[in-house]
Amino acid sequence: MLLELDAFKALNEQHGQAAGDAVLRAVTRCLRQHSDRHDRIARWAGGTFLVVRHDTAAAAAQALANRLRAAIERLVVDIGPGQHLTLTATLGVAPLPLFPTAPATLEDSLRAADRALQSARRGGHNAWAMLWGEEAGRDVDLYSLLHDPARAMACGWVSLAGSRPMAWLPPRQEPARPAVDQDVQTGRGQR
């Protein structure tokens, strides 16, 4: 599960690094308090955390995602005299291994969790989305699953869930750029 603090970068810029550090410490304590003692919690990058729970069912993963999201929403962080911050988080959930009888690959599960996180983020913040591999999808190309999760669900390859209805759109792609600089192509700028 990937848990991303909503607007963490803006919070850090507006209130300073000391406030950002206080938020990260408070969130770490909150995650530990509201997860099981066997769960592994790590700061992944910036305001993103990785929560790993081994051998869990989809329903238990959904319950954990909802519990952690709600706990972050209730959290009040003291950042100085008379200054308090409230937070929200958006989560992406996927199992490890991604498919029930497939070999466990952290990379595939992280890609699926990130894809779920993107979907939750597109629907607004303070939400969770889950992409859970089913046995029928075990031999399907991972790119096909992640590119169009709604189709993958229709084919029975994955189960999708979320704290609210999600739009499982294809990943955003950067616009195509010309392979050659336009000035070079037209001959301008050369002598």
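The values are calculated or read from the model by the stated rules, or taken from the named source; none is laboratory data. These numbers were taken from a predicted model, which means no experiment stands behind them. Heads up, the Cβs are rebuilt from the backbone with ideal geometry, glycines too, and the neighbour counts pull from every protein chain shown.
One table, with the values for the structure above:
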| read-out | value |
| --- | --- |
| Long-range neighbours under 9 Å by Cβ, at least six apart or interchain, first residue hydroxyl-bearing (S, T, Y) within segment 30-45, second part of a helix (DSSP H, G or I) and modelled with pLDDT of 95 or more | S35/L64; S35/R67; S35/L68 |
| Residue match in segment 154-165 (condition: loosely packed, with under 15 Cβ neighbours inside 10 Å, in contact (Cβ under 8 Å) with a residue 24 or more places away in the chain and assigned to a loop (DSSP other than H, G, I, E, B)) | yes |
| Condition met for V93 (in contact with an Asp or Glu (Cβ under 8 Å, 6 or more places away or on another chain) and in contact (Cβ under 8 Å) with a residue 12 or more places away in the chain) | no |
| Check on A45, under 14 Å from the mean Cα position of the chain (by Cα) and farther than 18 Å from W128 by Cα | yes |
| Members of segment 4-38 found to be in contact with a Lys or Arg (Cβ under 8 Å, 6 or more places away or on another chain) and among the hydrophobic types (A, V, I, L, M, F, W, C), listed by number | L24 |
| Selected residue (criterion: farthest from L160 (Cα to Cα)) from residues of segment 33-60 that are surrounded by 13 or more Cβ atoms within 10 Å (Cβ to Cβ) and basic (K, R) | R43 |
